[in-house]
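Just so it is clear, none of the values below were taken in a lab; they were calculated from the coordinates. None of the values given here were measured: they were computed from a predicted structure. Using ideal geometry, Cβ is built from the backbone for each residue, glycine included, and neighbour counts are taken over all protein chains shown.
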Amino acid sequence: MSDPITRLAPSPTGALHLGNARTFLLNHLLARRHGWRMLMRVEDLPGPRIKPHAAADMLEELAWLGLQWEQPVIYQSARRAAYDEALAKLARDGWAYPCTCSRKDVESAALAPHADDAAGAYPGACRGRYADAADARRQSGQDPAWRVRVEDAPVRVNDHVAGTVEFNLARLGGDFVIVRREGLAAYQLAVVVDDEAAGVNRIVRGDDLLDSAARQEHLRRLLGMTDPIEYWHLPLVVGPDGRRLAKRHGDTRLAWFRQHHATRERVLGLLGFWSGLLPRRRPAEMAELADVFDEARLPQTQVVYTRPDHDFLLTGREGN
Ligand code: GLU
Ligand code: ZN
């Protein structure tokens, strides 16, 4: 049996908000309860949404909250060679192929008549079209992205929160991008390669990534990775309108609340209340949350961020 190992994998696309903080806290509490090792991986592959300083700020904020992880921190921006190697294997085995379709090509194919529940799925236009990347460049005059073939068959994900769920990737988006046009690994490939290299076998994250788990299981199978991963996909924190926590719900960044004198104990208390660990909003220490942590009582439904949550952080005024 391999050691149980988990990781925090923040994307430095902005500051940490209360929703991410809750997911990371629960990952920490699960790891602490079960004695898992905890790694830190910063998902900083360059992209328009990556912000300078965000990575350092997020690490500082997570440490302020009382989360702990092993050194060294892993940065995806330094792992390019490993992603290239995985792509080379998938291409060699005939699973990955260059794709020069524009976003528009993919969308207009999806609008074609008789598109059924596979609507929006990549139609596979470049499957078998090019011999290799050089051929794609020659024929199309542009740098190709790389996609991986998926099958018209269910991929199963066993999740500790959602139960056993099956996804048919052919209907759910179709062959997906694993390397972007600029030559950078896409999220799905990078996660699989990094988790395997670090021995990660426990993944805790938001349930917006549940279908990604199916894509990742597909890639893991193609790459010959056999150590099973246990998943916990947690329901997200949403605003009163039912949409995932974001700017439209006001400033929910941890940094903003800290600037406005919210204490760590209040933040932990609110996150604990949101996680079914405390019966009402009140300040709490990490040690207390760890004591009362009960995996069986994790909320199975979304948490709604409301005005009393905001007021509690700023004033310490308690409420149900
Ligand atoms: N970096 C991703 C995020 O912040 C999480 C990726 C993962 O846990 O697989 O949403
Ligand atoms: Zn294509």
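Brief remarks follow.
- Under the Karplus curve 6.51 cos²θ - 1.76 cosθ + 1.60, θ = phi - 60°, whole-Hz ³J(HN,Hα) for segment 150-161, x wherever Gly or Pro sits: 10, 10, 7, 7, x, 10, 9, 10, 9, 10, 5, 9
- Residues His310, His17, His260 arranged by fewest to most Cβ contacts within 10 Å: His260, His310, His17
- Under 5 Å, built H, 5+ apart or other chain: amide partners of Met38: Thr6, Glu70
- Loop exposure criterion: GluC sites (Glu not before Pro), DSSP state outside H, G, I, E and B, at most 14 other Cβ atoms within 10 Å. Applied to the chain, the longest stretch between such sites is 183-284.
- Here segment 160-181 and segment 1-73 have alpha carbon centers that stand 24 Å from each other.
- Per-residue HN-Hα couplings for segment 249-254 [Karplus 6.51, -1.76, 1.60; θ = phi - 60°; Hz; x = Gly/Pro]: 8, x, 7, 10, 5, 4
- Loop-located trypsin sites (Lys or Arg not before Pro) in segment 6-64, at most 16 other Cβ atoms within 10 Å (DSSP): Arg49
- Legend: Rg and Dmax of the chain, from Cα coordinates, 21.1, 66 Å.
- Loop-resident sites, segment 200-271, for trypsin sites (Lys or Arg not before Pro), counting at most 12 other Cβ within 10 Å (DSSP): Arg243
- Between segment 287-302 and segment 190-228, the alpha-carbon centres lie 25 Å apart.
- Amide H contacts for Ala162 (H built 1.01 Å from N in the peptide plane; partners 5 or more residues away or on another chain; cut-off under 5 Å): His233.
- Sequence-distant residues sharing a close amide H with Asn168 (under 5 Å, placed H): Val155
- Whole-Hz ³J(HN,Hα) from phi, Karplus 6.51 cos²θ - 1.76 cosθ + 1.60, for segment 304-315, glycine and proline x: 9, 7, 10, 4, x, 5, 4, 5, 4, 4, 7, 10
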